[in-house]
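The next block holds one structure in the form of structure tokens; read it before the comments.
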Amino acid sequence: MWIGFSMTLAACSLCLLCWWAGSPYARKANASSNGTQPWTLRLLWPWVDALAPVILPLLSWHVRTRLQRLFQQAGVLDSWTPQHFCAWQCVLAILGAGLTALCLYGVLSATVTIFACALVAALAAGAPRRQLRERVRRRKAAMLRELPFILDMITLCVEAGLNLHGALQQAALHAPAGPMRDELRHMLADLRAGAMRREALEQWAIRCDLPVMHHFVAAVAQAEQSGMNLGPVLRSQADQRRAERFLRAEKAALEAPVKMMFPLVFCIFPCSFLIIAFPIGVQFLALFE
């Protein structure tokens, strides 16, 4: 009984110590972490916000630039900063290493426990970067799907008599919601702010970071520079992007049987063989008896 009572008092003391150490940071919780963020991030955000000023001087210019570009490509540039992202990685690494040490304490040797803590900390620290890259990949795939339709709208507006700026405005107004429409509206906001059209288009292509966008901007710039009619140029771009989307869908369909080989061989086929072989095995056992 005394052992259980002492363990309860130790747990309460540890909780009070954690509350006392974390209460100054909990009052500094950033309002931007509420609402749309995951509950784990909202729970740990005070410590992330407290650790970010410490990490900021340690980040090089190259790391900050690379992270900001990833945030821009992922569409989270307004909600994340490089120092907060690295602080989030550090908090996850510390939490993963601490939980691993708590679970393995007294079970394995000290060397194995330290190795396991380091491995879990490395995996936990790399998880936000993997999620960010996956978000970038999904966003680029969504923009590739939306681009042919937006180019068709721009082409129809130009062929109906509007200039390129008016066609872009109509596409931004009536296009379906998605990352490509958001980037198009960002480009129009740059034009309203006083940027030159060619510069705004180039920045649009840089933000999207897609080769097809660079080709589109280069074709439009060349057509305007040479005085060509934009209608045929835009029509050829839209047809080419639509053909490329069809080829990507065909490639994904051809890759599906290859991706299904692993679950078929290691999950479905063994179960099928067991179902077929079990009655035969039972009959053989009955014969031997």
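Going by what's in this entry, would F85 be described as under 16 Å from the mean Cα position of the chain (by Cα), assigned to a helix (DSSP H, G or I) and at negative phi? Spelling it out, F85 is indeed under 16 Å from the mean Cα position of the chain (by Cα), assigned to a helix (DSSP H, G or I) and at negative phi. Answer yes or no as to whether V136 is among the β-branched types (V, I, T), over 26 Å from the mean Cα position of the chain (by Cα) and assigned to a helix (DSSP H, G or I). No; evaluated as a whole, the condition is false for this residue. The residue that is modelled with the lowest pLDDT, among those in the stretch 62-109 that are within 16 Å of V120 (Cβ to Cβ) and β-branched (V, I, T), is V107.
Taken as a whole, the stretch 82-99 holds at least one residue that is free of Cβ contacts under 8 Å to residues at least 24 places away in the same chain and of a type in the set (G, A, S).
Out of all the residues in the stretch 216-238, is one or more farther than 30 Å from A200 by Cα and under 32 Å from the mean Cα position of the chain (by Cα)? Looking for residues that are farther than 30 Å from A200 by Cα and under 32 Å from the mean Cα position of the chain (by Cα), one finds none in the stretch 216-238, hence no. Of the residues that make up the stretch 142-156, is at least one out of contact with any strand residue (DSSP E or B) (no Cβ under 6 Å at 6 or more places or on another chain), β-branched (V, I, T) and not in a helix (DSSP H, G or I)? Among the residues of the stretch 142-156, not one is out of contact with any strand residue (DSSP E or B) (no Cβ under 6 Å at 6 or more places or on another chain), β-branched (V, I, T) and not in a helix (DSSP H, G or I), which makes the answer no.
The values are calculated or read from the model by the stated rules, or taken from the named source; none is laboratory data. Because the structure is predicted, anything quoted here is derived from the model rather than measured. No Cβ is skipped: glycine too gets one built from the backbone with ideal geometry, and neighbour counts run over all protein chains shown.
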